[in-house]
1. State all residues of segment 78-113 that are within 20 Å of Met131 (Cα to Cα) and of a type in the set (Gly, Ala, Ser); if no residue qualifies, say none.
2. If I go through segment 157-170 residue by residue, how many of them are touching a residue at least 24 places away in the same chain (Cβ under 8 Å) and under 19 Å from Ala120 (Cα atoms)?
3. Does segment 1-36 hold any residues that are surrounded by 11 or more Cβ atoms within 10 Å (Cβ to Cβ) and more than 19 Å from Ser116 (Cα to Cα), and which are they?
4. Find the strands (runs of 3 or more DSSP E) located wholly in segment 1-90 whose residues include 1 or more that are of a type in the set (Phe, Trp, Tyr), and list them.
5. Please find, among Glu237, Glu266, Glu255, Glu220, the residue that is over 27 Å from the mean Cα position of the chain (by Cα) and modelled with pLDDT under 75.
6. Restricting to segment 19-76, count the residues that are of a type in the set (S, T, N, Q), in contact (Cβ under 8 Å) with a residue 12 or more places away in the chain and closer than 30 Å to Ala128 by Cβ.
7. Please tell me if Ile6 is closer than 30 Å to Tyr214 by Cβ and touching a Leu at 6+ places or on another chain (Cβ under 9 Å).
8. Name every residue in segment 69-100 that is modelled with pLDDT of 90 or more and of a type in the set (S, T, N, Q), in order of residue number.
Amino acid sequence: MASRPIANGNISFGLVSIPVKLFSATRSKSVSFNLLHAKDLSRIQQKIYCPVDDAIIDRSELVRGYEVEKGRYVTFTDEELKQLEAHDDHVIEITEFVPLAEIDPVYFEESYYLGSEAGAAKAYRLLADAMAQSGRVALGRFTMRGKEHVVMIRPYSKGLMLHTIYYADEVRSADEVDRATAEPVKDTELTLATRLIDELTQKKFDATKYRDSYRDRVIEAAQQKVAGQQVSEVAVEPRRGQVIDLMEALKASLEKRGVAAAAEAENEQKPAAAVAGERRSARPAAQRRRAGGKK
């Protein structure tokens, strides 16, 4: 079944306007559960309870409140909130172009495919190719469902993709987290860690290599229950011990991948003269005599 657009818009920059359609690019497949009454397995209903009146109240009695300070609220009607919504003019207004590397992924929120509208194929194709060739992405504004978003448009799979991105004050500062910035790292440790990264590096990201194993196990267990079978237990993976010796852990990781790192790491820890002496003694005798006979 063909995807249905969730919205229409116009990419606008300078005097250029390109009609496009927005399609959801992602969908969650996480397993979800309904709460049932254990006695008869019927779906339960959630009621709205007022602790002050100690009573169940109807939705018609609810109002929206914004907490201006602890325990103090101001209320808004639906009409008042509707008036405060951003005007949805369907314009994706591009304000600037920047290199993609300048936007950290922490700002990415939702992803949408941008499809070409009928009659705009030439302009759409031109913008997608020009952005791909320039290596830049577009930043701008777009109002969707009454909320104004900061958006990024980038080339993707021979077309265009739109990402809504978080505002600056929505991203917490990294300074709130202990990042071990004062912890020293030895050159030998860094060398081994870099080598291990090189060993695990792939040329391309293949998303199909990764699966939600929890979802697979739940679905399999549900099918077993439907078939009247006993649910098989999942083998528990042994817990990894705490890393005590970082160098030994790095060496073991590399050796497990068939890389002879231990001897090289030991050489890196020795003085340069000692390493050079060992290398000279390891040369064939004839080669050492030829080297010794030179003036």
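1. Selection gives Ala101, Ser111.
2. 5
3. Val31, Leu36
4. Answer list for segment 1-90: 7-13, 16-24, 48-50, 64-69, 72-76.
5. Going through Glu237, Glu266, Glu255, Glu220 in turn, just one is over 27 Å from the mean Cα position of the chain (by Cα) and modelled with pLDDT under 75: Glu266.
6. Counting residues in segment 19-76 that are of a type in the set (S, T, N, Q), in contact (Cβ under 8 Å) with a residue 12 or more places away in the chain and closer than 30 Å to Ala128 by Cβ gives 2.
7. Values: closer than 30 Å to Tyr214 by Cβ: yes; touching a Leu at 6+ places or on another chain (Cβ under 9 Å): yes.
It is true that Ile6 is closer than 30 Å to Tyr214 by Cβ and touching a Leu at 6+ places or on another chain (Cβ under 9 Å).
8. Hits for segment 69-100 are Thr75, Thr77, Thr95.
The values are calculated or read from the model by the stated rules, or taken from the named source; none is laboratory data. This structure is a prediction, so every number in the text was calculated from the model and none was measured. Virtual Cβ from ideal backbone geometry, glycine too; neighbours counted across all protein chains shown.
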